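Working notes, structure below.
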Amino acid sequence: MPKLMEEEVFKAFATYATIVILKMLLMAPMTAYFRFTRGAFANEEDVARKSAEVRKKQFRTHPDVERVRRCHLNDLENVVPFVLIGLLYALTGPELSTALLHFRLFAGSRVVHTVAYLGALPQPSRALSWMLGMLVTFSMAYRVLGQALVL
Amino acid sequence: MPKLMEEEVFKAFATYATIVILKMLLMAPMTAYFRFTRGAFANEEDVARKSAEVRKKQFRTHPDVERVRRCHLNDLENVVPFVLIGLLYALTGPELSTALLHFRLFAGSRVVHTVAYLGALPQPSRALSWMLGMLVTFSMAYRVLGQALVL
Amino acid sequence: MPKLMEEEVFKAFATYATIVILKMLLMAPMTAYFRFTRGAFANEEDVARKSAEVRKKQFRTHPDVERVRRCHLNDLENVVPFVLIGLLYALTGPELSTALLHFRLFAGSRVVHTVAYLGALPQPSRALSWMLGMLVTFSMAYRVLGQALVL
């Protein structure tokens, strides 16, 4: 029955969509890692078992934690639109090679973006990787609108 | 025509996806509720009709409002990936009972997570419910990659 | 092969989903615009090439930047649920005219919301446009649950 999953383009979409979503999900454990190593928590119940002194000190924000959180939010802002528009794009029946080019470029751009963000690499590494991802999504949106325009 | 909606697994997916998205959407009125009861607004135009004194006092952040907002953001970070990967998972044609187990566990985990977050319940209640939801999404992603891998 | 894209309702969904996602994506360059014109950056590497004095001054938050960021987050919280539930809704085979009414109202409500937010228009313009969008999503969710309920 699941005919969609028998088509190469849709399988390629499913593969890359899953990869970039997993990458995004991994930002959460990474935030937790920085919260514990830097000792910076946002909720009282997270530090409830510590001594009063430590509790007061660790109930705060920390630049490294905020950096991971911004990176996570940027993923939400870019990865989710890619997956949603990519789904519609895959349904327009593009060439497999063209589709793969889009998906690979996007996945690569987000890996570079995360490394550039978390490593605080000199600009414009982060800006360019973010822009490349946007352009891929715009290119797919252009095809979707070209094939499906019903206003 | 909508063949997908005649399959039990897809209908089960549609049901649970809608439920967890509605749960996520309800965080917005809840934020509004806390903003009004705690008197804590983020925009000048939201307090424009109040007296100058109240206006100055209520143009601020409040811990209860920030807590709901973190809970809402956590929903975005976890519910959206569940729905996106769950859609692909439903298309791989899993057993209905297996699929239902995934969907029910996830929906349950997010209800517990919200209660634990808003009620500031002692840890690790919130951490465990969050992890359970992540594991369900990982399990579905594993099946999607196993069935659809085209790199 | 892509049968879905031959149906008018699904094409209408694809059109409006793409439009509201593009609108959401454009909030990112708008944030960048306000960061540059207001001189307010969140990362050290973003101001690394400026003089020490400017660097210290521009490593800060600015109300205009925070406003765009809240608007962007509100888009994420509302546009993504619309697209996800709208996809399921389109698969339930609604009347084209009913579906178009939903999609047009939502797209219109989000344009008004963005204008009201960025322009800091007097309330309740922003509140009402946000509520209208929510109601459209609720209405589609109601139909999905009515057609697909498998618990």
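The values are calculated or read from the model by the stated rules, or taken from the named source; none is laboratory data. These numbers come from a predicted model, not from an experiment. FYI the Cβ positions are ideal-geometry reconstructions off the backbone, even for glycines, and counts take in every protein chain you see.
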So in the stretch C:21-54, with the set limited to residues that are in contact with a His (Cβ under 9 Å, 6 or more places away or on another chain) and assigned to a helix (DSSP H, G or I), which one is farthest from A:Tyr89 (Cα to Cα)? C:Arg38
Scope the stretch C:31-53; condition within 19 Å of A:Pro122 (Cα to Cα) and either in contact (Cβ under 8 Å) with a residue 24 or more places away in the chain or in contact with a Ser or Thr (Cβ under 6 Å, 6 or more places away or on another chain) (or both); matching residues: C:Arg35, C:Ala40
Can you find, within the stretch B:74-114, the residue that is farthest from A:Ala42 (Cα to Cα) among those that are of a type in the set (S, T, N, Q) and assigned to a helix (DSSP H, G or I)? B:Ser97
Unique residue being facing chain B (nearest Cβ under 8 Å), within 17 Å of C:Thr18 (Cβ to Cβ) and either in contact with a Gly (Cβ under 9 Å, 6 or more places away or on another chain) or modelled with pLDDT of 95 or more (or both) when the list is C:Val80, C:Val144: C:Val80
For residues that are facing another protein chain (nearest Cβ under 7 Å) and under 28 Å from C:His113 (Cα atoms), tally how many sit in the stretch B:15-42. 8
Regarding the stretch B:107-119, can at least one residue be identified that is under 22 Å from A:Leu26 (Cβ atoms), in contact (Cβ under 8 Å) with a residue 12 or more places away in the chain, touching a Pro at 6+ places or on another chain (Cβ under 8 Å) and within 13 Å of chain A (Cβ to nearest Cβ)? no
Considering residues of the stretch B:54-70 that are at the interface with another protein chain (Cβ under 10 Å from one of its Cβ atoms) and in contact (Cβ under 8 Å) with a residue 24 or more places away in the chain only, the residue farthest from C:Leu76 (Cα to Cα): B:Arg67
